[in-house]
Amino acid sequence: MLRLLAGQGPRSRAGVAAVTGLTRATVSSLVADLIDRGLVEEVGPESDQRVGRPATLLRLDGSKVVTIGLELEVGFTLLLANDLAGRTVYQRRRPLSRESTAFDDLVPIMAKEIRRAIDAVESDGRRVVGITVAVPGVTDAARGLVVRAPNLGWRDVPLRARLGELLERDLPIGLDNEANLGALAEYRAGAVAGTPHLVYLLAVNGVGAGIVIDGAMFRGASGAAGEVGHTTVQPRGLRCACGSSGCWETTIGLRALLYDAVPDLAAGLIRDRRLSPEAKVAPVVARAKANNPVAIKGLRKFGRWLGIGLANIVDSFNPQVIVLAGFLPEVAPWVMDEAMAAMRANSLAESGQCRVEMTTLGFTAGALGCTIHASERLFADPTLVPYV
Ligand SMILES: [Zn+2]
């Protein structure tokens with residue numbers, strides 16, 4: 001019923017009954033419950049009612065119920081609080097420039113960011129009813145664990161339990177990989193929303209993909225699907241953060257981009273933890289715009305590696321669209337010709353119908369995916385929202 005009201009706008013009780021096949025009595029009692037939880041409200045009478053007394057319309061009451069998304073990256077956290085109608089009511093980015101990436105150091109900071117957001121949201125008379133956290137790594141959502149996050153150095157850490165302890169609030173906390181959540185945001189709210197076969201490729205420090213197949217997230221047997229950054233493209237290539245060598249990430253991660261395009265600055269930029277990933281990419285873009293020959297040549301090389309990996313994705317999953325995110329849209333003007341040529345040359349013609357698009361959701365896609373993830377849990381089980 002909630003999904004119906006959210007997706008198709010206001011309806012009368014009779015209208016809901018007709019569409020859902022539920023009886024009028026069942027609809028009335030469910031509506032009463034949803035109103036008591038602050039999820040549905042009654043609005044003015046239906047105007048085009050032809051016969052009898054005008055019926056009261058019901059609509060999703062999206063304004064007072066808020067979900068929080070927190071994206072954890074190497075170097076920053078990004079928090080977004082959206083109401084059920086998708087409007088942002090609070091947003092904050094916090095650099096993690098001095099802190100170590102150790103689990104015991106980062107989780108209290110994450111908890112503090114969430115508490116701060118809850119205070120801000122609730123001082124406006126709204127209620128926070130769910131949280132989802134995005135991490136750059138493999139998660140076990142059922143057990144609330146981060147199984148492996150190579151760029152943070154985390155392995156089998158109980159993120160959900162520890163956050164729950166520190167928050168001291170009985171709120172449902174979800175957990176997923178940042179690329180999966182970016183893919184969810186793209187699938188629900190991006191420029192190619194609703195495309196059933198979609199791959200979202202995220203390059204920040206590491207590289208990962210969120211894979212939507214037939215309209216559903218593809219997670220694999222243990223939730224580790226989409227770790228395309230760790231597929232091998234260059235045996236005996238550079239050492240990767242995961243411990244292996246020649247992973248795709250070593251050719252199109254942030255480190256590779258900097259060494260390819262601004263080799264004289266790369267070591268300093270990588271070491272400087274005060275800089276965000278966007279700030280580290282800025283000199284690459286500046287030199288490319290100035291037609292610096294080293295930068296142009298480096299970006300073409302980067303583009304070829306990007307295309308080779310895209311070809312692997314195209315042949316593995318046959319998506320309709322691959323959406324590029326993270327810093328990839330920033331460097332797209334100088335890498336995409338090479339990338340598309342390499343992708344076409346290295347994939348089967350039968351897979352060649354795949355479009356490659358830049359995300360329009362910016363750097364907040366992961367956090368946006370978190371708020372959507374948390375609100376979808378409520379749509380699946382509205383009893384998670386307490387009575388007003
Ligand atoms: Zn690797």
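The values are calculated or read from the model by the stated rules, or taken from the named source; none is laboratory data. Just so it is clear, the model here is predicted, and its values are computed rather than measured. Backbone-built Cβ (ideal geometry, glycine too); neighbour counts: all protein chains shown.
In the set Val138, Val129, Val89, Val65, only one residue is under 20 Å from Ala185 (Cα atoms) and within 16 Å of the ligand (Cβ to nearest atom); that residue is Val138.
Checking the conditions here, which among Leu159, Leu166, Leu201, Leu171 is more than 24 Å from Gly309 (Cα to Cα) and touching a Leu at 6+ places or on another chain (Cβ under 7 Å)? Even if it seems obvious, please write down each step before you answer.
Details: Leu166 fails: touching a Leu at 6+ places or on another chain (Cβ under 7 Å); Leu201 fails: more than 24 Å from Gly309 (Cα to Cα); Leu171 fails: touching a Leu at 6+ places or on another chain (Cβ under 7 Å).
Just one listed residue meets the conditions, Leu159.
If you take the residues in region 191-246 that are without any contact (Cβ under 8 Å) to a residue 24 or more places away in the chain and part of a strand (DSSP E or B), which one is farthest from the ligand (Cβ to nearest atom)? Restricting to residues being without any contact (Cβ under 8 Å) to a residue 24 or more places away in the chain and part of a strand (DSSP E or B), the top hit is Ala216. Only one of the numbered conditions (1) small (Gly, Ala, Ser); (2) surrounded by fewer than 20 Cβ atoms within 10 Å (Cβ to Cβ); (3) at pLDDT below 95 is not met by Ala241, and that is (2).
For region 247-280, taking the residues that are closer than 18 Å to Leu306 by Cα and β-branched (Val, Ile, Thr), the one that is farthest from the ligand (Cβ to nearest atom) is identified as Val262.
Quick grid of which residues meet (1) assigned to a helix (DSSP H, G or I); (2) over 19 Å from Pro196 (Cβ atoms):
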{"site": "Lys297", "(1), (2)": "yes, yes"}
{"site": "Lys301", "(1), (2)": "yes, yes"}
{"site": "Gly309", "(1), (2)": "yes, yes"}
{"site": "Ile313", "(1), (2)": "yes, no"}
{"site": "Pro319", "(1), (2)": "no, no"}
{"site": "Ile322", "(1), (2)": "no, no"}
{"site": "Val331", "(1), (2)": "yes, yes"}
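Regarding Arg255, is this residue surrounded by fewer than 23 Cβ atoms within 10 Å (Cβ to Cβ), basic (Lys, Arg) and part of a loop (DSSP other than H, G, I, E, B)? Considered against the rule, which asks whether it is surrounded by fewer than 23 Cβ atoms within 10 Å (Cβ to Cβ), basic (Lys, Arg) and part of a loop (DSSP other than H, G, I, E, B), Arg255 comes out as no.
Out of Thr371, Thr364, Thr359, I need the residue that is within 23 Å of the chain's Cα centre (by Cα), more than 18 Å from Gly206 (Cα to Cα) and touching a residue at least 60 places away in the same chain (Cβ under 8 Å). Which one? Give the derivation first.
Details: Thr364 fails: more than 18 Å from Gly206 (Cα to Cα); Thr359 fails: more than 18 Å from Gly206 (Cα to Cα).
Exactly one residue qualifies, and that residue is Thr371.
Every condition in (1) in contact (Cβ under 8 Å) with a residue 12 or more places away in the chain; (2) over 30 Å from Arg93 (Cα atoms) holds for Pro293 except the one numbered (1).
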